[in-house]
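Colleague: Got a structure here, written out as structure tokens. Questions coming.
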Amino acid sequence: MIERHQDMVAPCCRLVRVGDVLVASDLGRHQFSPDFVMGPGPSSFLLARHVRPAVRGRLLDLGCGPAFQGLVHGGTRTEVHGVDISERAIAFARFNARLNGRDRLRAELGDFLGEVPDRRLDGRFDTVVANPPYVIAPERALIYRDSPLGGDDVGARTVERVARALAPGGRGYVLCNWIDRGGAWSDPVRRWLADTGATSVVTRLRELSAADYVAIWTRGIPVAERPRAVSEWAAAFERDGIRRIHVGVVALARPRGPRRSAFRAVEGSGGAGAWRTLEAVLTGV
């Protein structure tokens, strides 16, 4: 946790308290390291506000990082299973489980975005949360952030994997980006969900121009390197015909019995209690 330098000490990691949970992760100054493990931040809190509380049974956290979602939503009686492609993230997740006395939290190395799904996860979980590396970038420079698949395919694959893992009556939640290709803003997500067999709702939280999107995701780059990075991202978006990008949360419900699947699209604020909007739609369709 700390390094000693003669009569002084320096932190080795970031430690954040969220309610009664402590979450350790990498220090922010290492954010451009390839294996950087990001702690609780805007995206993780945004997703957390959309997850139905009072989780019981089994919870799956895909792309778990330091296990923030599993710790916040999984109580001491909840069986939590985290999956991440980063060995360093898994090490932090296991450390945080011990730090918080969560002996029912397990984390294992795995690529949930791989071509072949892990069928061991199918139909087992009452709650599934996923904050995947969804940023649409010209290259995968940062494992924790940049999409490893082309365009917005990471959203489509994550939704499919979440739907597979849901037990009857379960709920799934995915924070993602998708490209506006014309038509209704929700059309891409509707296509992702068409074959899942789940009742689903997408809530759009933000719509960004390509220029604004690039500006947001390059703002942390050192000033001297930023113009080149902005130019490269803008050129890549231009080649791919990307003009606008949407940000939102997809929620899924697995019916307990034979039931026709349904899809709804709503505008959301992402504020406290956002889960109530999603739950009202999921139970009302």
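The values are calculated or read from the model by the stated rules, or taken from the named source; none is laboratory data. Note that this is a predicted model, so its numbers are computed, not measured. Glycine also receives a Cβ, built like all others from the backbone with ideal geometry; neighbour counts cover every protein chain displayed. Note: areas computed on protein heavy atoms with side chains; ligands, DNA, RNA excluded. Shrake-Rupley method; radii C 1.70, N 1.55, O 1.52, S 1.80 Å.
Colleague: How many percent of DSSP beta bridges within the chain run antiparallel, rounded to 5? Kindly include the intermediate steps, with their values, before the conclusion.
Modeller: On the way: 28 of 53 bridges.
Restricted to the chain, the bridges split so that about 55 percent are antiparallel.
Colleague: Roughly how many percent of the accessible protein surface of the range 180-285 is carbon and sulfur, given a 1.4 Å probe and a whole-percent answer? Could you put the intermediate results ahead of the total?
Modeller: Working: 2830 of 5780 Å².
C and S atoms contribute 49 percent here.
Colleague: Enter the mean projected area of the convex hull around the alpha-carbon atoms of the range 12-91, in nm², rounded to one decimal.
Modeller: Taking a quarter of the hull surface, the average projection is 5.4 nm².
Colleague: What are the membrane-span-like helices in the chain by this rule: whole DSSP H runs, Cα extent along the axis at least 30 Å, mean Kyte-Doolittle hydropathy at least 0.0? Before the final figure, lay out each step's value.
Modeller: Details: long enough: none.
Taking the DSSP H segments of the chain (at least 30 Å long, mean hydropathy at least 0.0), we get none.
Colleague: Pop a pseudo-label 7 angstrom from the Cα along the beta-carbon direction at both Arg181 and Asp212 and give the gap in nm to one decimal.
Modeller: 2.3
Colleague: Could you tell me the center-to-center distance, by alpha carbons, between the range 85-150 and the range 203-220 in angstrom?
Modeller: What the calculation gives is 24 Å, centre to centre.
Colleague: Moving on to the next point. Can you run phi through the Karplus equation (6.51, -1.76, 1.60; θ = phi - 60°) for the range 169-180 and list ³J(HN,Hα) in whole Hz, with x for Gly and Pro?
Modeller: Going residue by residue, I get x, x, 10, x, 9, 10, 8, 7, 10, 8, 7, 7 Hz, with x marking Gly and Pro.
Colleague: What is the Cα radius of gyration of the chain over 2.2 N^0.38 Å, N being its residue count? Before the final figure, lay out each step's value.
Modeller: On the way: Rg = 18.9 Å, N = 285, 2.2 N^0.38 = 18.8 Å.
That ratio works out to 1.00.
Colleague: How do the peptides 139-149, 56-66 rank, highest first, by the average count of neighbouring beta carbon atoms within 10 Å per residue? Before the final figure, lay out the partial values.
Modeller: Values: 139-149: 16.7, 56-66: 24.5.
So the order, starting with the most tightly packed, is 56-66, 139-149.
Colleague: To continue, here is another question. What number comes out for accessible area per residue over the range 40-127 if the probe is 1.4 Å? Units Å², please. Show your work: numbers first, answer last.
Modeller: Working: 4150 Å² over 88 residues.
Value for the range 40-127: 47 Å² per residue.
Colleague: Peptides 2-14, 112-124, 35-47: what's the order by average Cβ count within 10 Å, highest mean first?
Modeller: Numbers: 2-14: 10.0, 112-124: 13.6, 35-47: 17.8.
Highest mean packing first, the order is 35-47, 112-124, 2-14.
Colleague: Right, something else. Can you work out the accessible area per residue across the range 180-260, with the rest of the protein chains kept in place, probe 1.4 Å, in square angstrom?
Modeller: Details: 4460 Å² over 81 residues.
The answer is 55 Å² per residue.
Colleague: Run the accessible area of the range 1-137 with a 1.4 Å probe and give the carbon-and-sulfur part as a rounded percent. All intermediate terms of the calculation are to be shown ahead of the outcome.
Modeller: Working: 3590 of 7020 Å².
Result for the range 1-137: 51 percent of the exposed heavy-atom area is carbon or sulfur.
Colleague: What fraction of the Cα pairs in the range 74-123, stated in percent, has a spacing above 15 angstrom? Write down the numbers at each step before the final one.
Modeller: Details: 598 of 1225 pairs.
For the range 74-123, the share of Cα pairs beyond 15 Å comes to 49 percent.
Colleague: Using only the Cα atoms of the range 147-228, what semi-axes does the equivalent ellipsoid have when each is the square root of 5 times a gyration tensor eigenvalue? Give whole Å, largest first. Don't jump to the answer; show the numbers that get you there.
Modeller: On the way: eigenvalues 179, 44, 24 Å².
So the three semi-axes of the range 147-228 are 30, 15, 11 Å.
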